[in-house]
Amino acid sequence: MKIALAQLNYHIGNFEANNAKIIQAIEQAKSAGAGLIVFAELAIGGYPAKDLLRNSAFLKACYASIEEIAKHCMDITCIIGAPVPNNDGEGKSLYNAALVLENGEVKQVVKKSLLPDYDVFDEYRYFEPSRSVSCIEVQGKTVALTICEDLWDDDGPNSYVGDIMQDLAKQHPDLIINIAASPFSYTHFENRKNVLSRNVIKGNAPLIYVNQVGAQCDIIFDGRSLALNRKAESILEMKSFEEDLQFAEFQGNDLVSETKTDEKQYSEIALIHDAIVLGLRDYFQKSGFKKAVLGLSGGLDSALVAALACEALGAEQVLSVLMPSIYSTDHSLKDALDLVENTGCQKLILPIKDIASAFDHTLAEAFKGLKPDTTEENIQARTRGTLLMALSNKFGNILLNTSNKSEAAVGYGTLYGDMAGSLSVIGDVYKTQAYQLAKYINRDREIIPLNTIVKPPSAELRPGQKDSDSLPEYDILDSILFQLIEQEKPYTDVIALGFDEATVLRVNKLLNNAEFKRFQAPPILRVSPKAFGPGRTMPLVAKFNF
């Protein structure tokens, strides 16, 4: 039996485009002689559809898509993910299901048992879990058909009561198939591969794993679908961050593949780069936007976002706005202009000296007798934010936010100023990673000016200002933040690791006190195991020092 693995980029709710893409893959698989084609979890409707799953018109369109796609499954069997109604009279109104389509109709339905409700997942909000598991027959083979989380039942803190694969293994499957919607993070692939390998051993059967690819606003899917033989060896590893259609052959009692597995090892920074470029491109294409605008300061973060946007959208679609103040240095302006020259993006120079002075003059009486402080600095940042939003409104350009994760974590940003934007491009990238990312972008030629990378970071809102005046050095700050955020450790455990107690206490306080700012920030392209946003939700007014 020849099996096609269809790794596609779906657009939530775009049934016409999704159906055409699915049907095209089915026809390609038929032409190649495949007897079975496998698609991703909830390919019908898209994932995550969120509260669209409560909309009757959306669900009606899902069911119509199933009927249309089934018509093309006359000489081939198709396994595809879809929401299906729960007609049992109890529980949630839907199941997250895998459908087996044959001879123009739905022949079998397998329902997902383990519904994740941690990090970015919220499936218990919409779906009822299956209470029983059983193998099915497909093309004369006994298949353990599972849906994403069903194979993650022994994954540490997210473990469940019960073991799906252990139960299915009792029925001696010939093949394990797992359809998934597994989001990307730069640590996730090896973990994913280990989980799948364990289930091959547990089920004593080869495994097909099909993931989706593409970005749905903040969540990015990397694809990298897999086929593993009975020895848990990877015989097929599909493309990362691209659509792909590949084939595996069931011969004897094992899987083989003529396609050579791509053994290229991706570095953490290369993966982050590719994920962000895909996330940016999909955000614009799926939202119907074309042009982006951002503030270009001459600093690392804005240069990084500009370079990524030019790669994702095309330089001609990116407007970089230079807004020098009385504190902006000549070298920062030159660095910004060099970045424009290197990328070929559009530029506009709007000095803010007179605008900021007008605010100072208007507030002079109200602030009489008070020394200048961060209030005046924030006025500069908000002036820039206002100008960028004016350009966005007038020309329909989407404003990209340029704040990094280190700044967002400790509240080192101005609401309605440098925190403005429709999408946070590097909001899940620590400052230390931003330096690595800049060097990666410059791997073939200088795009981000060298001086931008090597100079001390500064917001340039007062004379001689440096980030280190207000924050610990970034290598120390980011190491502490990683323990507090990604590792979710209480500050006492972080201190026990050997970090300076006073620094940890200070960083932890800044992190907790900045939650109200992050609550109002734009959606962030998620590339880490724990991003700000739906994956890390904290109360805004709690009194608990953790």
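Some points to look at:
- Close pairs (7 angstrom Cβ cut-off, 6 or more residues apart or separate chains): touching a residue at least 60 places away in the same chain (Cβ under 8 Å) in segment 11-28, part of a helix (DSSP H, G or I) and surrounded by fewer than 14 Cβ atoms within 10 Å (Cβ to Cβ) anywhere: His11/Ala17
- Subset of segment 236-248 [in a strand (DSSP E or B) and either aromatic (Phe, Trp, Tyr) or under 15 Å from Ile177 (Cβ atoms) (or both)]: Leu236, Gln246, Phe247, Ala248
- Conditions (1) aliphatic (A, V, I, L, M); (2) buried (at least 18 other Cβ atoms within 10 Å of the Cβ); (3) in contact with a Cys (Cβ under 8 Å, 6 or more places away or on another chain): number failed by Ile272: (3)
- Per the listing Phe532, Phe546, the residue uniquely of a type in the set (Phe, Trp, Tyr), farther than 23 Å from Met419 by Cα and not assigned by TED's automatic domain parsing to the domain that holds Ile352 is Phe546.
- Any hit, segment 475-490, residues being polar (S, T, N, Q), farther than 19 Å from Tyr412 by Cβ and surrounded by fewer than 19 Cβ atoms within 10 Å (Cβ to Cβ): yes
- Within segment 261-269, not a single residue is over 25 Å from Gly35 (Cβ atoms), in a strand (DSSP E or B) and either touching a Phe, Trp or Tyr at 6+ places or on another chain (Cβ under 9 Å) or of a type in the set (Asp, Glu) (or both).
- Only residues that are in contact with a Leu (Cβ under 7 Å, 6 or more places away or on another chain) and surrounded by 15 or more Cβ atoms within 10 Å (Cβ to Cβ) were counted across segment 85-99, and they come to 4.
- Residues located in segment 315-350, provided they are aliphatic (A, V, I, L, M) and part of a loop (DSSP other than H, G, I, E, B): Met323, Ile326, Leu350
- Filtered by the rule that a residue be surrounded by 19 or more Cβ atoms within 10 Å (Cβ to Cβ), modelled with pLDDT under 75 and not hydrophobic (A, V, I, L, M, F, W, C), segment 459-474 gives a lone residue, Glu460.
- Among residues of segment 38-55, those that are buried (at least 24 other Cβ atoms within 10 Å of the Cβ), among the aliphatic types (A, V, I, L, M) and closer than 14 Å to Glu123 by Cβ, counted: 1
- Restricting segment 56-70 to residues that are more than 16 Å from Ala25 (Cβ to Cβ) and within 27 Å of the chain's Cα centre (by Cα), the residue that is surrounded by the most Cβ atoms within 10 Å (Cβ to Cβ): Cys62
- Residues that are farther than 19 Å from Met165 by Cα and of a type in the set (A, V, I, L, M, F, W, C) were ranked within segment 100-117; the one that is surrounded by the most Cβ atoms within 10 Å (Cβ to Cβ) is Leu101.
- For segment 505-528, a residue qualifies if it is closer than 20 Å to Ile480 by Cα, assigned to a loop (DSSP other than H, G, I, E, B) and in contact with a helix residue (DSSP H, G or I) (Cβ under 7 Å, 6 or more places away or on another chain), and the qualifying residues are Ala514, Val527.
- All conditions but one from (1) small (Gly, Ala, Ser); (2) farther than 25 Å from Arg443 by Cα; (3) in contact (Cβ under 8 Å) with a residue 60 or more places away in the chain apply to Gly288; the one that does not is (3).
- Picking from residues in segment 298-324 that are surrounded by fewer than 22 Cβ atoms within 10 Å (Cβ to Cβ) and either touching a Lys or Arg at 6+ places or on another chain (Cβ under 6 Å) or outside the structural domain of Asp354 (by TED's automatic domain parsing) (or both), the one that is nearest to Asp354 (Cα to Cα) is Gln317.
- Subset tally (residues that are part of a loop (DSSP other than H, G, I, E, B) and under 11 Å from Ala303 (Cβ atoms)) for segment 440-454: 4
- Residues being in contact with a Leu (Cβ under 8 Å, 6 or more places away or on another chain) and surrounded by fewer than 23 Cβ atoms within 10 Å (Cβ to Cβ) - total across segment 411-422: 3
- Flag: Phe189 does not match the condition of being outside the structural domain of Ala438 (by TED's automatic domain parsing), within 20 Å of Lys530 (Cβ to Cβ) and either of a type in the set (D, E, K, R) or crowded, with 24+ Cβ neighbours inside 10 Å (or both).
- In segment 71-145, counting only strands (runs of 3 or more DSSP E) that sit wholly within it, none holds 3 or more residues that are more than 28 Å from the chain's Cα centre (by Cα) and at pLDDT below 95.
To keep it simple, each residue is scored yes or no on (1) at pLDDT below 95; (2) assigned to a loop (DSSP other than H, G, I, E, B); (3) surrounded by fewer than 23 Cβ atoms within 10 Å (Cβ to Cβ); (4) among the hydroxyl-bearing types (Ser, Thr, Tyr).
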| site | (1), (2), (3), (4) |
| --- | --- |
| Glu376 | yes, no, yes, no |
| Thr386 | no, no, yes, yes |
| Met389 | no, no, yes, no |
| Ser392 | no, no, yes, yes |
| Tyr435 | no, no, yes, yes |
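- Residue satisfying all of: in segment 351-368; part of a helix (DSSP H, G or I) and among the aliphatic types (A, V, I, L, M); surrounded by the most Cβ atoms within 10 Å (Cβ to Cβ) among these: Ala356
The values are calculated or read from the model by the stated rules, or taken from the named source; none is laboratory data. What you see is a predicted model, and the numbers here were worked out from it, not measured in a lab. Here Cβ is always computed from backbone atoms with ideal geometry, including for glycine, and neighbour counts include all displayed protein chains.
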